[in-house]
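The block underneath contains the structure these notes are about, expressed in structure tokens.
Quick note: the coordinates plus some simple rules give every number you see, no bench work behind them. Worth saying up front: this structure is predicted, and the values here are computed from it rather than measured. Using ideal geometry, Cβ is built from the backbone for each residue, glycine included, and neighbour counts are taken over all protein chains shown.
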Amino acid sequence: MTETAQMKNLFTEHYGPAAGPLYCYFAPGRVNLIGEHIDYNGGYVFPAAVSLGIYAAIRFRPDSVVNLKSVNAAGGVTVDLTRPIAYQEEDGWGNYPKGVLRYLQAEGRQLKGCDILFRGTLPDGAGLSSSAALLVLTAYMLLHANGETAIDRPQLARFCQRIENEFIQVNCGIMDQFAVAMGRKECAILLDCETLDCEYIPLALKSHSLIIMNTGKKRELTESRYNERRRECEQALAILRRQRPLKNLCQATLSEVEEFLPEGAVRKRARHVVSENGRVAKAIEFLRAGDILGFGGLLTASHDSLKNDYEVSGPELDAIVARALAYPGCIGARMTGAGFGGCAIALVEQGSAEAFAAAVAGGYQKVTGREPQFYAAGIGDGVKLLETWGGG
Ligand code: GLA
């Protein structure tokens, strides 16, 4: 059965048989290939939308009630559009779509009642941006199913980032929402986080494949340490600005970092940021020149920098990356996303995915006692309508 046919069946199970048009949408998760902890420092990131993500089916209702249910979680959340919408701890994941409803209303949009069913295929807490996918999916779907077809995707990404920052109160950058909204099949997105200018670069990995490795360690304490890193970067920038007017930390040079920042955490964080931004530029050069080996080497250098200078890796991420690199057909590996658990990526010789997974799993399990998961990552499109039933 296709994913959409399955969604239609599940929708009927949850909400009853057809009564008006039903629409099915999809939003992908993302991996970041390189450029980690760079988006909030104004430099370049290089994410791609993956084929895992969240499906949603929506049908409008004649009243002002919005029902939110998920195949992945029991219960559900009901919202009355005529009443104020507030964040409530007990609503869990439902706060994401609630935030979208509230912020769309605040923009003056007239929303209709609807029944929505979600189904996610992204592993939970794995750092593949399921929250960005849920926000962008809900916002896109509500606008699109309501007849708005010319949706400005970068603006949609900004809108969803604002909801995550203000309503969910997670101080993230723009990368995840942007990748989910703007993804393109077989391409990664070179995004300038200062201007939001972007370019699609075909992810032509020649005889290698991209493998996602889930450490099975859920991200913990991510938020407080993420905020701490952001503060350290702000401190570094404030000090460097005494020397010259920098727009953002990525504009600093490595020699300025070494010369003007005091030895210790702040200097190390800045060293990661400036060197990582440089690696993104180099990675694009290598990809364009078809130098996949060079590209892979930069992934590994990025991991080392995140581990030693930015200190956002962890025993599980380090162990899985080390096991991956020990495999002869692996030419590069690194953690992806915020860190502190979640997923890593590896570039592995085509055709050896299974042998690779077996080799890495064995060694990794021995060291950490956890069972990792592996996904061959298809690179797909951003949020989109998949199918409509009974519509005009
Ligand atoms: C999380 C945030 C992003 C970005 C990454 C680190 O995924 O949501 O905005 O900062 O961490 O690169």
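Scan (1) away from the ligand (no atom under 16 Å from the Cβ); (2) more than 30 Å from Arg83 (Cα to Cα) for the single condition Arg153 breaks and write down its number.
Here Arg153 meets the rest and fails (2).
Is it true that Arg119 is away from the ligand (no atom under 16 Å from the Cβ), surrounded by fewer than 21 Cβ atoms within 10 Å (Cβ to Cβ), under 30 Å from Val273 (Cα atoms) and touching a residue at least 12 places away in the same chain (Cβ under 8 Å)?
Considered against the rule, which asks whether it is away from the ligand (no atom under 16 Å from the Cβ), surrounded by fewer than 21 Cβ atoms within 10 Å (Cβ to Cβ), under 30 Å from Val273 (Cα atoms) and touching a residue at least 12 places away in the same chain (Cβ under 8 Å), Arg119 comes out as no.
Evaluate segment 64-81: report whether one residue or more is surrounded by fewer than 15 Cβ atoms within 10 Å (Cβ to Cβ), over 30 Å from Met335 (Cβ atoms), out of contact with any strand residue (DSSP E or B) (no Cβ under 9 Å at 6 or more places or on another chain) and among the charged types (D, E, K, R).
No: segment 64-81 contains no residue that is surrounded by fewer than 15 Cβ atoms within 10 Å (Cβ to Cβ), over 30 Å from Met335 (Cβ atoms), out of contact with any strand residue (DSSP E or B) (no Cβ under 9 Å at 6 or more places or on another chain) and among the charged types (D, E, K, R).
For segment 221-250: of the residues being touching a residue at least 40 places away in the same chain (Cβ under 8 Å) and loosely packed, with under 12 Cβ neighbours inside 10 Å, which is nearest to the ligand (Cβ to nearest atom)?
Leu221
Would you point out the residue of segment 126-158, among those that are aliphatic (A, V, I, L, M) and not in a helix (DSSP H, G or I), that is surrounded by the fewest Cβ atoms within 10 Å (Cβ to Cβ)?
The residue in question is Ala150.
Counting residues that are within 16 Å of the ligand (Cβ to nearest atom), which strands (runs of 3 or more DSSP E) fully inside segment 4-99 reach at least 3?
Here the list reads 22-32, 47-60.
One line per residue, one yes/no per condition, for (1) surrounded by 15 or more Cβ atoms within 10 Å (Cβ to Cβ); (2) among the acidic types (Asp, Glu); (3) within 18 Å of Ala333 (Cα to Cα); (4) more than 26 Å from the chain's Cα centre (by Cα):
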position: Thr253; (1), (2), (3), (4): no, no, no, yes
position: Glu258; (1), (2), (3), (4): no, yes, no, yes
position: Arg269; (1), (2), (3), (4): yes, no, no, no
position: Ile284; (1), (2), (3), (4): yes, no, yes, no
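Taking segment 137-151 as the region of interest, how many residues are out of contact with any Phe, Trp or Tyr (no Cβ under 9 Å at 6 or more places or on another chain) and either under 16 Å from Asp381 (Cβ atoms) or free of Cβ contacts under 8 Å to residues at least 12 places away in the same chain (or both)?
Looking only at that region, the number is 4.
Output the residues belonging to segment 177-204 that are outside any strand (DSSP E or B), in contact with a Leu (Cβ under 9 Å, 6 or more places away or on another chain) and within 16 Å of the ligand (Cβ to nearest atom).
Once the filter is applied, which keeps residues that are outside any strand (DSSP E or B), in contact with a Leu (Cβ under 9 Å, 6 or more places away or on another chain) and within 16 Å of the ligand (Cβ to nearest atom), segment 177-204 yields Gln177, Phe178, Ala179, Val180, Ala181, Met182.
Can you tell me which residues in segment 286-335 are among the basic types (Lys, Arg) and in contact with a helix residue (DSSP H, G or I) (Cβ under 8 Å, 6 or more places away or on another chain)?
Hits for segment 286-335 are Lys307, Arg323, Arg334.
Run down Gly35, Gly43, Gly99, Gly29 and say which single residue is in contact (Cβ under 8 Å) with a residue 60 or more places away in the chain, in contact with a helix residue (DSSP H, G or I) (Cβ under 8 Å, 6 or more places away or on another chain) and on the phi > 0 side of the Ramachandran plot.
That would be Gly35, the only listed residue that is in contact (Cβ under 8 Å) with a residue 60 or more places away in the chain, in contact with a helix residue (DSSP H, G or I) (Cβ under 8 Å, 6 or more places away or on another chain) and on the phi > 0 side of the Ramachandran plot.
Restricting to strands (runs of 3 or more DSSP E) lying wholly in segment 291-392: which have 3 or more residues that are in contact with a Phe, Trp or Tyr (Cβ under 9 Å, 6 or more places away or on another chain) and of a type outside the set (Phe, Trp, Tyr)? Steps first, please.
On the way: elements: 330-335, 343-349, 373-376, 384-389.
Hits in segment 291-392: 330-335, 343-349, 384-389.
Which condition does Asn41 not pass, out of (1) within 30 Å of Cys233 (Cβ to Cβ); (2) in contact with a Ser or Thr (Cβ under 6 Å, 6 or more places away or on another chain); (3) among the polar types (S, T, N, Q), if it passes all the others?
The one condition Asn41 does not meet is (2).
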